[in-house]
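This report concerns only the one structure given below.
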Amino acid sequence: TNKKPEISSKVYEVDRAQGSLVNMPCSSGISSFGPRTPTAFVSGGNALLSRGDKNVVAVCSGVRDSSWETRKRINHRSALSSARSLKPTSRVAETLRSSGTRGSKMRTNSGDDGASIVSLNRFILEEAMANADLSHLKDMENLMAAIQLACKKIQSLVACADITNLTGLQGGGGSMNVQGEQQKKLDVLSNEVLKASLGFSGKMGVIASEEEDEPVLVDETYSGNYICVFDPLDGSSNIDAGIATGTIFGIFDDNCSVLTSDWKDRIDGNELKAMFSTMQPGSNLVCAGYCMYSSSTVLVITFGNGTHSFTLDREIGEFVLTERNIQIPENAPIYSFNEANEPNWDPVLRQYVSDLRDKGCSSRYIGSMVADVHRTLMYGGVFGYPGDAKNPNGKLRLLYECAPMSFLVEQAGGLATTGRQRVMDIIPNTVHQRLPLVLGSKNDIQRL
């Protein structure tokens, strides 16, 4: 054009793999797209453009010269219809029109049913307004934005693992975690993705991972008051076979601690502070959840007010609410144990499982905790990874797996136990403490 307006702009590229917008450098207006001109436009401050094989969103603000002739910059005049009159051909366009740049609130589905879409961000905002007593909810939007972005990226990595040579062991089998277990390539990569995303959320003070030796403090520049514990990729031993995997996480508020004073002489100040904040019982969790990577990507989460399920809509790149207030059936004819270990179990547990078989209960065991627990949440029954003669304390970690999953199950009306005591009441004695675990339908667990 002969006369260019004064304009401030931000340009984002749609990352189809992650389902999110990635910032692109832009000096001024849509002229930054160079000789390739846009081919679609939505007015009202947002432009949905196409450049080659990439979808690009140009968010432009501050246009002070209304005489600027946009037609000279756009090839297809039919694309100049206003956003209000433009009939959307996809939910991406509808989402941009309804949400603009002011947030992630989505009004309606582009389908004919007019059903309201409830995104995860919208859900958190609504819950914060409805539950003023849960003060931590006002901070959860930023935290969950970081977690869901990491989960979208991990889902993308898992889906393309065979194609991108991300299957197999890290370092040819020479990489081991603190528990002496061989690490898969995706174990290490998923851990780095989550650490990076959480570290820049502005709310996280300490990060503790199953793949790390000790909890680590977040840089003070981005530090906050919450502690996140997580298993970055549960079930990774099955990744080469394409079996469902998942990310498990729990969030504590840095308002209490249980580490005794005798540790002060054994570790340095920073490590002491990190461990001091991390070693809390599950009853102190303010949020817990898991993201399952399977035929669909499902995020199940609780903030202490019920357990809720969200499914990733890849078309719009958002986790949308698919089930509110999940309730586990009080009884169900399903049990999930690795029965190959039965000869080494406690006699009481052996008799319990034998009684289930005699009653005609079905055995359903996948070998990936996230998948087995998700099925138990949906259909009821019992899931267990108990201790045995070889591993009297079991193999699951209290902080990274047992406590978050127990919180979810209890919020859905179920129970979680070691066989002797409630999991949520146990105070960790180490950050990688292992624990026997049995969880599921209320009546079934009470019989055990």
Taking the convex hull of the Cα atoms, report for the stretch 338-447 its projected area averaged over all directions, in nm².
-> 6.6
Note: the stretch 322-392 at 20 °C, 1.002 mPa s; Kirkwood Rh on alpha carbon pairs; Stokes-Einstein D in µm²/s works out to 165
Using a 1.4 angstrom probe on the protein heavy atoms only, line up SER363, SER201 by accessible area, largest first.
-> SER363, SER201
Taking 0.36 nm per intervening residue step and subtracting the Cα-Cα distance, what contour gain separates ARG314 from TYR365 on full extension?
-> 15.5 nm
Once you have the alpha carbon radius of gyration of the stretch 264-390, what is it after dividing by 2.2 N^0.38 Å, with N set to its residue count?
-> 1.37
Cleavage-rule hits (trypsin sites (Lys or Arg not before Pro)) in the stretch 365-448: DSSP loop, at most 10 neighbouring Cβ within 10 angstrom = LYS390, ARG420
Kirkwood hydrodynamic radius for the stretch 383-448: how many Å is it when counted over pairs of different Cα atoms?
-> 11.7
Holding the Cα-Cα limit at 25 Å, pick out from LYS390/LYS442; LYS195/LYS442; LYS359/LYS395; LYS152/LYS184 the pairs that are longer than that.
-> LYS390/LYS442; LYS195/LYS442; LYS359/LYS395
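The values are calculated or read from the model by the stated rules, or taken from the named source; none is laboratory data. Keep in mind that this is a model prediction, so the values were computed, not measured. Neighbour counts run over all protein chains shown; Cβ positions are idealised from the backbone, glycine included. The area values use the complete protein model at the heavy-atom level, side chains included, leaving out ligands, DNA and RNA. Shrake-Rupley method; radii C 1.70, N 1.55, O 1.52, S 1.80 Å.
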